[in-house]
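Notes to accompany the following structure.
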Amino acid sequence: MKFCKTLKLVQIIVLTFLMGTSLAFNVSEVFADECSEVLALINKERTANFLEPLRVDPDLEDAAKVRGEELTRVLSHTRPDGTKYSTVSPKAEGETLAVGYKTPKEVVAAWMNSPGHRRNILDPSFTTVGTSFTKTNSDHKYHWVQLFGRDKVTIYIERVSGVKAKSNKNQVTLTWKKQLPSKASGFEVFGINSKKGTTTLLTRMTKPTDSSFLINGLQKSTTYKFQIRSYRVVNNVMYYSSYVTVTARTK
């Protein structure tokens, strides 16, 4: 059984040879660092989806090796002792498994075509990862494990900028600058009733490329106040920027 850190294995082979022991390794079976290639491929997918790349956590990497060995005995997210995979490390908050795929390209393609595995790889709240690749003489032969973790994440949402209001007789058009998907998921526009002291949500726009909103049915020669804020959805939780307030008077 071999794990993906082949440098250590080569060092062991050399050391054993120099010591003159009879322990033998098949040097021809030493292979490149598939774990690093997997990391590069999943980070390419994250970048394409406007997400920050994952960083290797040595603790998760060690835990992934343990899970790789366990996977040869029990092909499940449940460990051989009956506990959840997350008991392997306090940092493990997500796990992606695969067996039978020979190359990093094959296994990442399979993960990305599986909704659950894809969700883990593209989870914005995950910041760290540990990967193991285990080659055995079992039926499946190739075993892949990824454990995902989270640092303390600060969610940044870019404030709406460049807000302008263009008035007509009974309508106001609000415009602002578009944002990148990595900065916002969309926008919310509110109408403010200063007399009643109430705020009403007029629309929730679901694209960061949206940059205008038309408000109809307003009274002529009347001053109106609106607020706009951007929001971002991370791990099914909505986070909001501060408001930008704009005043407009119909003609």
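Annotations for the structure displayed:
- Here V145 meets the list (1) of a type in the set (V, I, T); (2) in contact (Cβ under 8 Å) with a residue 60 or more places away in the chain; (3) open to solvent by 50 Å² or more (accessible area, probe 1.4 Å) almost entirely, failing just condition (3).
- Of residues in the range 144-168 being of a type in the set (S, T, N, Q) and touching a Ser or Thr at 6+ places or on another chain (Cβ under 6 Å), the one modelled with the highest pLDDT: Q146
- Residues (among the β-branched types (V, I, T) and either open to solvent by less than 40 Å² (accessible area, probe 1.4 Å) or over 18 Å from I121 (Cα atoms) (or both)) located in the range 56-88: V66, T72, V74, T78, T83, T87, V88
- For the range 111-124, a tally of residues being open to solvent by 60 Å² or more (accessible area, probe 1.4 Å) and under 18 Å from V237 (Cα atoms) returns 1.
- Residues in the range 58-73 that are small (G, A, S) and either under 19 Å from T103 (Cβ atoms) or part of a loop (DSSP other than H, G, I, E, B) (or both): A64, G68.
- Count of the range 72-127 residues which are closer than 20 Å to E45 by Cα, of a type in the set (S, T, N, Q) and touching a residue at least 24 places away in the same chain (Cβ under 8 Å): 5
- Single condition T127 does not satisfy, out of (1) more than 30 Å from I215 (Cβ to Cβ); (2) open to solvent by less than 40 Å² (accessible area, probe 1.4 Å); (3) modelled with pLDDT under 90: (3)
- When residues of the range 148-196 are limited to those that are touching an Asp or Glu at 6+ places or on another chain (Cβ under 6 Å) and open to solvent by 30 Å² or more (accessible area, probe 1.4 Å), the one nearest to V234 (Cα to Cα): K183
- Residue in the range 175-187 that is farther than 28 Å from L122 by Cα, touching a Phe, Trp or Tyr at 6+ places or on another chain (Cβ under 8 Å) and of a type in the set (A, V, I, L, M, F, W, C) present: yes
- In the range 229-250, the residue that is most open to solvent (accessible area, probe 1.4 Å) out of those that are at pLDDT 90 or above and of a type in the set (K, R) is R249.
- Within the range 40-57, residues that are within 20 Å of A92 (Cα to Cα) and assigned to a loop (DSSP other than H, G, I, E, B) reach partners that are charged (D, E, K, R) and at pLDDT below 95 with beta carbons closer than 6 Å, at six or more positions or on different chains, in the pairs P53/R46.
- Against the list (1) open to solvent by 80 Å² or more (accessible area, probe 1.4 Å); (2) under 27 Å from N170 (Cα atoms); (3) not small (G, A, S), the condition F226 fails is (1).
The values are calculated or read from the model by the stated rules, or taken from the named source; none is laboratory data. For clarity, every value in this text was computed on a predicted model and none was experimentally measured. Using ideal geometry, Cβ is built from the backbone for each residue, glycine included, and neighbour counts are taken over all protein chains shown. These area figures cover heavy atoms from the full protein model, side chains too; ligands, DNA and RNA do not enter into them. Shrake-Rupley method; radii C 1.70, N 1.55, O 1.52, S 1.80 Å.
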